[in-house]
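The values are calculated or read from the model by the stated rules, or taken from the named source; none is laboratory data. Fair warning: this is a prediction, and the values are worked out from it, not measured in the lab. Counting neighbours? That spans all protein chains shown, and the Cβs are built from the backbone with ideal geometry, glycine included. Quick note on the areas: whole protein, heavy atoms, side chains included, nothing else; ligands and nucleic acids left out. Shrake-Rupley method; radii C 1.70, N 1.55, O 1.52, S 1.80 Å.
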Number of protein chains: 2
Amino acid sequence: MSSQNPPQQSGNNLDPWYSNYAARTAGLAASEVRALFAVASRPEVVSLAGGMPAVSALPQELVIESMNRVMRDQGSVALQYGSGQGVPKLREQILEVMAMEGIKASADDVVVTTGSQHALELVSKLFLDPGDVVLAEGPSYVTAVVIFRSFQAETHHVAMDAHGMIPESLRENIARLKAEGRRIKFLYTIPSFQNPAGVTLSWERRLEILQIARDNEILVLEDNPYGLLHFDAPPPPALRSIEQEGVIYLGTFSKTLAPGFRVGWALAPHAIREKLILANEAAVLSPSSFSQLVVSEYLDSIDWRAQVDRFRGVYRERKEAMISALSEYLPNLSWTDPDGGFYVWLTLPPNLDSKQMLPRAVKELVAYTPGTAFYADGGGRNNIRLSFCYPTPEAIRVGIRRLQNVINGELDLLETFSATGPLQTVRDRSFSAPPPNLD
Amino acid sequence: MSSQNPPQQSGNNLDPWYSNYAARTAGLAASEVRALFAVASRPEVVSLAGGMPAVSALPQELVIESMNRVMRDQGSVALQYGSGQGVPKLREQILEVMAMEGIKASADDVVVTTGSQHALELVSKLFLDPGDVVLAEGPSYVTAVVIFRSFQAETHHVAMDAHGMIPESLRENIARLKAEGRRIKFLYTIPSFQNPAGVTLSWERRLEILQIARDNEILVLEDNPYGLLHFDAPPPPALRSIEQEGVIYLGTFSKTLAPGFRVGWALAPHAIREKLILANEAAVLSPSSFSQLVVSEYLDSIDWRAQVDRFRGVYRERKEAMISALSEYLPNLSWTDPDGGFYVWLTLPPNLDSKQMLPRAVKELVAYTPGTAFYADGGGRNNIRLSFCYPTPEAIRVGIRRLQNVINGELDLLETFSATGPLQTVRDRSFSAPPPNLD
């Protein structure tokens, strides 16, 4: 964890085992997102905070049919322990899913995990020693940063713009960290429809980022939960489609089918894959046979590509509702306009603090995730992540209108009680720390 | 890991990322049990090796009914992410299950995990620093030892006899380790129908072991997968029923329902429980909603206690088949005679090595787990774990007859090529290192 943002100690002297915890446990603090879930669950609140997929867009009878076929035809396998690597047939089917993003691979190198979150945990367990560094986009996925910290590694952020991670910032980070004698264990990236920024790494930059990683012998951890959820044209091919030996790829069925099954996977270079299986076996013995077989049967018997198209349509409509509401209610602010995925990244006027503003938002019955949740170094103070994945277009519109009230209320307060300068009204699509070559 | 049994490095210089792994990864070697699974899966082999429950004794229509009710009534919840602590209703039902072993608790202190294996991983992640010590019965559960090693902790074994862990050996271990300045993080124990020894900690010893733990401020990790699977009288009440603040209790539905769902739990003192939830969220976001709801619905609508009785009957019959076959075919050897659970612990003549003997066993079409798998220190060389949980009584009989051939063949070989003494024929129920107060 960085010095700007020390972890909270959640234990105290009332805990008789306080002095017994491992050093790494000091880094396990409740995330800002977690506290929000409690708030957002109240029905009168429009939550633009969580990342829950729109499972209501999945016809449940398709799942019920798959379940019943599994129990009828393979019940005793579904109920039993399985292999630590996952069901062979499902691993073959995962190849078909990844082929849609240009990836060629062998089912031997796929390891099924309890959601791709668990793949991220296992890779971190395999690679991270205390004091190691992980490079990640700034902002980055909140629970990735939590995992890295839980293994006592530091996350250092690479700047982004509307075309994704900026190669020059990556080079600068590597040079600085090497000069400091730090060990960079991997580059964690969400190249397509990034969480939380909503931007996509361009094809040219994919090539350049991979070349930088190769030149510096840095492993790349490509997390791709949203790649198939594009609104129009697909994103550029996956990093793993370009480079095999230097990339661990993480995928999931949580967004293209449903998260309730907890079925994700890692595709890893051969030697790493072998260790991942051992780590998976130590952690859970085997991923759920039942969940894997239901997902496999669903892929086999349902037109799952048509269902992914249906999800795309749902999310496209919701994204458009959000962008249109932002244009109407908050025309002076800047935001990203994603081509897929779940998230919009909003930049507030520089004198507003998104975390301090949250109680007012909850009072106005709208929830969001403050930008600081996505930085290990205290960045993101005047940013907000807005999720359009779960609420209906109507609810999104109501939520953004409430957000307008919240922001105006904060600005009035600032104007009344402090000597603030004029509002920033530039619509520049930059993030909290605009890089020099921003376009 | 102990010095007698250094971990194998499973990577090598063909792995370009070889020098990048965390120090802990050196401890992740393939277990002896793992290699056996491949062998045991050949249909002509009678496997007395694995610990797979007899899921064929579970009427599948009960599961199918529960699944369909869940999807009909709560489909959108089942398909979605859930809370990191687990479904509230299931946590209440888990209290009823634990009440059968004398435990009183609050659902607030239950954390649902991806099998109890994952609870063991998460507790280890929370507590174990490199160089820490875990105390565990000798022999102990193989994958527990693997987890402790994966967090760079050493397992030190406490001697057992037919009444379970020997309090005097626990005292001696603690005194020695304290004198050496070592940090003992917890005592890991399977008090009832232990894996692999099949023995049960007596009531008097439960009280004494807990007093020793209290006196030395050592946390107890009670792993209880088999407690409800007694053949006649139930085992003494759980350790957690006697002591609350000093015990983390692990339970699972893998043996009383089915392992394919991967639903287990931890019951932990309040402050530890809070950290367990955070660790669970970091690792998997939330355990599978679908699996949890199906288990919950099953517990609600099925007479699950009657089903546990049915499992008891199946395992009792298989245990009796194994003991009877051992008496007939290997009358000169000693073994434990469990009152519940899945396992018998067999002691070979002292000049036989169970691991060296394994290839001959596979040739004779019978598989078992060599005793060394259950020790961190190279112990168990002339022991074998025999599982009676999965094969039918007829198969068990065939397997033990084949094992007789294997052992006789090895003894003939030793007699022919070396100067061996007379066979040990004492039937003393002792383990590989008989303690002085053995009864």
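For the range A:77-301, a Kirkwood radius taken over Cα pairs fed into Stokes-Einstein (25 °C, viscosity 0.890 mPa s) yields D = 139 µm²/s.
If you look at the Cα atoms of the range B:32-142, you get an Rg and a Dmax of 19.0, 51 Å. Shielding of peptide B:248-261 by partners, expressed as the average count of other chain Cβ atoms within 10 Å per residue Cβ, is 3. Computed with a 1.4 Å probe over protein heavy atoms only, the accessible area of A:GLU92 comes to about 100 Å². Running Debye on the range B:315-412 with equal point scatterers at the Cα sites and no solvent, what base-10 log of I(q)/I(0) appears at q = 0.11, 0.17, 0.18, 0.21 Å⁻¹? Taking Cα atoms of the range B:315-412 as identical point scatterers yields -0.28, -0.69, -0.78, -1.08. How much of the DSSP beta bridge set in the range A:181-310 is antiparallel, as a percent to the nearest 5? Here the antiparallel bridges make up roughly 35 percent for the range A:181-310. Any lysines with Cα under 24 Å of the A:LYS363 Cα? List them, leaving off those in the same chain fewer than 8 positions away. Leaving aside lysines fewer than 8 places away in the same chain, those within reach of A:LYS363 are A:LYS355. With 10 Å bins beginning at zero, the pair-distance distribution over Cα atoms of the protein assembly as shown amounts to 2, 13, 22, 24, 19, 11, 6, 2, 1, 0, 0 %.
Label points for B:ALA57 are taken 7 Å from Cα along Cα→Cβ. From this copy to the others they lie 4.7 nm apart, shortest first. Per-residue shielding of B:52-65, expressed as the average number of other chain Cβ atoms within 10 Å of the residue Cβ, stands at 3. Counting only protein heavy atoms and using a 1.4 Å probe, what share of the accessible area of chain B belongs to carbon plus sulfur, as a whole percent? With neighbouring chains kept in place, the figure for chain B is 51 percent.
Overall shape of the range A:177-262 was characterised from the C-alpha gyration tensor. The equivalent ellipsoid obtained from it has semi-axes of 25, 15, 12 Å, in decreasing order.
DSSP bridge analysis restricted to the range B:60-301 gives an antiparallel fraction near 35%, rounded to the nearest 5. Across the identical copies, the label point of B:SER301 (7 Å from Cα in the Cβ direction) is separated from its matches by 1.9 nm, in order from shortest. Taking all protein chains into account, the per residue accessible area for the range A:77-301 stands at 25 Å² (1.4 Å probe). Placing a label point 7 Å from the Cα of B:GLU415 along the Cα-to-Cβ direction, the distances to the matching points in the other copies come to 10.3 nm, shortest first.
Counting, for every residue in B:272-282, the Cβ atoms of other protein chains within 10 Å of its Cβ and taking the mean gives 6. Every pair of different Cα atoms in the range B:65-126 enters the Kirkwood calculation, which places the hydrodynamic radius at 13.4 Å.
For the range B:60-301, a simple Cβ point-charge model (Lys and Arg +1, Asp and Glu -1, everything else neutral) yields a dipole of about 420 debye relative to the Cα centre. Interface B-A: total buried accessible area of about 7000 Å², 1.4 Å probe, protein heavy atoms only.
Mean silhouette area of the range B:308-367, derived from the convex hull of its C-alpha atoms and averaged over all directions, reads 4.9 nm². If you run the Gaussian network model on chain B, springs between alpha carbon atoms under 10 Å, then out of B:PRO370, B:PRO225, B:PRO16 the most flexible one is B:PRO16.
Of the beta bridges in chain B, as assigned by DSSP with both residues counted there, near 50 percent are antiparallel. Dipole check for chain A: with +1 at the C-beta of Lys and Arg, -1 at the C-beta of Asp and Glu, and the Cα centre as origin, the magnitude is about 620 Debye. In this Cβ point-charge picture (+1 for Lys and Arg, -1 for Asp and Glu), the protein assembly as shown has a dipole of about 40 debye about its Cα centre.
Inter-part distance, the range A:216-267 to the range B:317-395, computed on C-alpha centroids, equals 45 Å. Remark on the range B:117-145: accessible area falls by at least 20 square angstrom from chain-alone to full-complex state for B:GLN117, B:HIS118, B:GLU121, B:LYS125, B:LEU126, B:PHE127, B:ASP129, B:THR143, probe 1.4 angstrom. Secondary-structure-derived ellipticity at 222 nm for the protein assembly as shown, considering helices only, amounts to -13000 deg cm²/dmol, per-run term -39500 (n - 2.57) for DSSP H runs with n ≥ 4.
How many angstrom lie between the Cα centre of the range A:115-185 and the Cα centre of the range B:34-105? Comparing the Cα centres of the range A:115-185 and the range B:34-105, I get a distance of 36 Å.
Heavy-atom accessible surface of A:ASP73, to the nearest 10 Å², is about 100 Å², with a 1.4 Å probe and all protein chains retained. Stokes-Einstein diffusion of the range A:241-361 at 4 °C, 1.567 mPa s viscosity, Kirkwood radius from Cα pairs, rounded to a whole number: 70 µm²/s.
Per q in 0.07, 0.08, 0.10, 0.13 1/Å, what log10 I(q)/I(0) does a Debye calculation on the alpha-carbon atoms of chain A return? Debye curve over Cα of chain A, log10 I(q)/I(0) at q = 0.07, 0.08, 0.10, 0.13 Å⁻¹: -0.35, -0.46, -0.72, -1.23.
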